[in-house]
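Here is the structure we will look at, set down as structure tokens.
Each reported figure results from applying straightforward, stated rules to the coordinates on display, with no laboratory input. Quick caveat: nothing in here was measured; it's all calculated off a predicted structure. Note that we place each Cβ from the backbone using ideal geometry, even for glycine, and neighbour counts take in every protein chain shown.
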């Protein structure tokens, strides 16, 4: 497979991931972090870092808007709930497991 095709496939898979996350706004970032070690904020940071590696100036809010499909503050107000004590405890445990190269 040539590099251009690989890049196109990766981009299509990323767009599908964003569409899936948009359809599952009920899934909280803390739950994603607890189960997978990354969340929507991680994706937006990785996007911003990829832009910077290519000499593009992109701030955190612009990257988040790409991942969230709307301004982050608007998404938080409409979809984010407060973390429960159980979620917070699980996050502490998960954080220790998930810290490493390429993680949130």
Checklist (1) within 13 Å of the chain's Cα centre (by Cα); (2) in contact (Cβ under 8 Å) with a residue 12 or more places away in the chain applied to residue 15, failing item: (2)
For the structure I just gave you, tell me whether residue 93 is under 20 Å from residue 28 (Cβ atoms), within 16 Å of the chain's Cα centre (by Cα) and part of a helix (DSSP H, G or I). no
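Name the residues in the range 52-82 that are more than 22 Å from residue 30 (Cβ to Cβ) and either in contact with a helix residue (DSSP H, G or I) (Cβ under 7 Å, 6 or more places away or on another chain) or touching a residue at least 24 places away in the same chain (Cβ under 8 Å) (or both), would you?
Taking the range 52-82 as the starting set, the residues that turn out to be more than 22 Å from residue 30 (Cβ to Cβ) are 52-59, 62.
Within the range 52-82, just 58 meets the criteria.
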Selection from the range 40-54 of residues surrounded by 19 or more Cβ atoms within 10 Å (Cβ to Cβ) and either touching a strand residue (DSSP E or B) at 6+ places or on another chain (Cβ under 8 Å) or over 17 Å from residue 71 (Cβ atoms) (or both) yields 42
